[in-house]
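Participant: Once you've had a glance at the structure underneath, I'll fire off some questions.
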Amino acid sequence: MDLLLQIAQVLTELFVLALGLGVLVVIALYIADRTQTRHSLRRNFPVLARFRYLFEKLGEFFRQYFFAMDREELPFNRAERSWVYRAAKGSDTTVAFGSTRDLRPTGTVLFVNCPYPTLERDAHPPEPLTIGPHARQPFVTKSFFNISGMSYGAISRPAVEALSKGAAKAGIWLNTGEGGLSPAHLEGGADIVFQIGTANYGVRDASGSLDEAKLAAVAANEQVRMFEIKLSQGAKPGKGGILPGAKVTAEIARIRAIPEGQDSISPNRNPAIDSAEDLLDMIARVRDITGKPVGFKAVIGAYGWLDELCTVIAQRGAEHAPDFITIDSADGGTGAAPASLIDYMGLPLRESLPLVADILSRHGLRERIRIIASGKLTNPGQVAWALCAGADLVVSARGFMLALGCIQALQCNKNTCPTGITTHDPRLQRGLVVHDKAERVALYAQTLMKEVETIAHSCGVAQPRLLQRKHCRQVVEDGSSKPLDELYVNVTNSR
């Protein structure tokens, strides 16, 4: 009994001590808030006003998990994320009772089923697609869905390793992003598309210019199949890459050839490219050094320059054309970008993809230049729409981030990603188990492509690349729908 009394006495004393300390803390906060001059609310309502910031922060999580409807959130709603999660886990992707997708809003996409769908016995896998017929080593691929550029640095080493191994397992390619080629990219043996960013990371000399010897060394690796020159990115057109110094580790600094621990801000455009002639010269230079297909990535805003580019190609000859164009959407993603650009700059893919396809068709270059679509294409319907609208291939970055376990915490720029995907904090990276996430990456890609094939068969074609604009309709302002080949009247469906 005496022992219990002693314990009770100690607990009472600890409680009184904690209460006293709590009162002192409140008094200190009151004085600090009342005397500070930066925040009006805290000055007028000391201590109490601090709860506003707490609730504001917690509100992000409560909205996501409790209050937002399945199709309300941005950039990806719960229904979109849930499909990716289920596909990546190999879970059942069917739903019951009826769709929660509202078919009435303007812009809603609908596919046109035919009365006699393609039977399984008559279907066939995608035909091999050749990219870069004039390169010494053209790239032949069957996959129509691949991994878009995510730089090592913007995402973690375990994330890159899982993407590499998953890509190899699914038979798809992996784009390096502008951060250079790391051992993690090569880990799984997947096909690689090397992106040359505006700062030439990974293939730059001391002054930041393109180093031909380093470029040739990258091209010598058999896994590297193509080169993509980045003109601009959908989330931040007119702004170069932003990698906070906290993410510039010794290894990343070595791969990029930049100082360790310092913010890595790439130029808003490649200083060597200032015209259509410059762009074609750079493409020819890279293709000559590497012997492999070369294209460019751009978000479309102004588009007269594309007609000018096609005119210059006609003067030089089709062999001088880029082997592909990656069209990035204005609603594409990034690790960090100014809100003024991410919210307002550039055209969404729904407008820019048909536009570019039409321009290339008018100039007779649609067969020569392959079109790769990028930007918020994470689900089968979105990918099938892109193929109908004019894309030969589709790439996704955030779809594969979700497959890795991304919960849309929106902390990509803070080195605090709770799932270990966009952080270089070893404690947080520990949560990303490479072999498990690699399997999810592969399952996501395989499931998505399978369901796009299902859409294609429902439309009456044998494989997804045979989808055309007549197979897809879009809701217009009066509530009715129109086929894409009527909405985009200057179209030819030739691939």
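Participant: Identify, among His185, Asn200, Ile407, the residue whose Cα sits farthest towards the positive end of the charge dipole of region 120-487, taking +1 on the Cβ of Lys and Arg and -1 on the Cβ of Asp and Glu, with the dipole about the Cα centre.
Facilitator: Farthest along the dipole direction, towards plus: Ile407.
Participant: Within region 132-196, report the trypsin sites (Lys or Arg not before Pro) that DSSP leaves as loop and that have at most 15 other Cβ atoms within 10 Å.
Facilitator: Arg136, Lys142
Participant: Taking the Cα centre of region 160-315 as the origin and placing charges on Cβ (Lys, Arg +1; Asp, Glu -1), which of Pro259, Ala219, Pro244 is farthest toward the positive end of the dipole?
Facilitator: Pro244
Participant: Separate question: Is there a quick way to get the dipole size of the chain? I mean about its Cα centre, with the Cβ of Lys and Arg at +1 and of Asp and Glu at -1; what is the value in debye to the nearest 20?
Facilitator: Its charge dipole is roughly 600 debye.
Participant: Isolated Cys in the chain by the 4.7 Å beta carbon test?
Facilitator: Singleton cysteines: Cys114, Cys310, Cys406, Cys412, Cys417, Cys459.
Participant: Sticking with this one: Counting GluC sites (Glu not before Pro) as exposed when in a DSSP loop with at most 15 other beta carbons within 10 Å, what is the longest stretch of the chain free of them? Walk me through the numbers before you get to the answer.
Facilitator: Working: sites that count: Glu72, Glu222, Glu260, Glu367, Glu477.
After excluding every exposed loop site, the longest remaining stretch is 73-221.
Participant: Can you tell me the orientation of helix 276-290 relative to the chain, as the angle in degrees between its alpha-carbon axis and the longest Cα principal axis, to the nearest 10?
Facilitator: Relative to the chain, helix 276-290 is tipped by roughly 90 degrees.
Participant: Calculated from DSSP H runs of 4 or more alone, at -39500 (n - 2.57) each and per residue, what is the 222 nm mean residue ellipticity of the chain, nearest 500?
Facilitator: Calculated from helices alone, the mean residue ellipticity at 222 nm is -12000 deg cm²/dmol.
Participant: Taking every eigenvalue of the Cα gyration tensor of the chain, multiplying by 5 and rooting it, what semi-axes result, largest first, whole Å?
Facilitator: 45, 29, 23
Participant: Cα axis of helix 78-89 to longest principal axis of the chain: angle in degrees, 0 to 90, nearest 10?
Facilitator: 80
Participant: Still on this structure, I have one more. Only sites in a loop by DSSP and with at most 10 other Cβ atoms within 10 Å count here; which trypsin sites (Lys or Arg not before Pro) in region 359-434 make the cut?
Facilitator: For trypsin sites (Lys or Arg not before Pro) across region 359-434 that sit outside H, G, I, E and B with at most 10 neighbouring Cβ atoms in 10 Å, the list reads Arg430.
Participant: Another one. Below 8 Å, C-alpha to C-alpha, sequence gap of six or more: please give me the relative contact order for region 120-487 in percent.
Facilitator: Taking the mean separation of contacting Cα pairs over the length of region 120-487, I get 19 percent.
Participant: Expressed as an acute angle from 0 to 90° and rounded to the nearest 10, what is the orientation of the C-alpha long axis of helix 2-35 relative to the principal long axis of the chain?
Facilitator: 60
Participant: If you take the beta carbon distance between Asn221 and Thr130 as r and set R0 to 22 Å, what does 1/(1 + (r/R0)^6) give as a FRET efficiency, to the nearest 0.05?
Facilitator: Efficiency, rounded to the nearest 0.05: 0.60.
Participant: Would you please give the FRET efficiency between Phe97 and Leu410, computed as 1/(1 + (r/R0)^6) with r the Cβ-Cβ distance and R0 = 35 Å, to the nearest 0.05?
Facilitator: Here the calculated transfer efficiency is 0.65.
Participant: Would you mind working out the magnitude of the charge dipole of region 339-450 relative to its Cα centre, with +1 at each Lys and Arg C-beta and -1 at each Asp and Glu C-beta, to the nearest 20 Debye? Before the final figure, lay out each step's value.
Facilitator: On the way: 13 positive and 8 negative charges, 26 e Å.
That gives a dipole near 120 debye.
Participant: Based on alpha-carbon positions alone, could you give the equivalent ellipsoid semi-axes of region 377-495 from the gyration tensor, as √(5λ), descending, whole Å?
Facilitator: Ellipsoid semi-axes (Å, largest first): 36, 17, 11.
Participant: For the charge dipole of the chain, defined by +1 on Lys and Arg C-beta atoms and -1 on Asp and Glu C-beta atoms about the Cα centroid, which residue among Thr334, Thr423, Gly346 has the Cα displaced farthest towards the positive pole?
Facilitator: Most positive-ward Cα: Thr423.
Participant: Past the 26 Å Cα-Cα mark, which pairs from Lys230/Lys414; Lys169/Lys214; Lys142/Lys376; Lys89/Lys142; Lys89/Lys236?
Facilitator: Those over the limit are Lys169/Lys214; Lys89/Lys236.
Taken together, the values in this text are just the output of simple stated rules run on the coordinates, not laboratory data. What you are looking at is a predicted structure, and each value in this text was computed from that prediction instead of being measured. In this analysis, Cβ positions are derived from the backbone assuming ideal geometry, glycine residues included, and neighbour counts consider all displayed protein chains.
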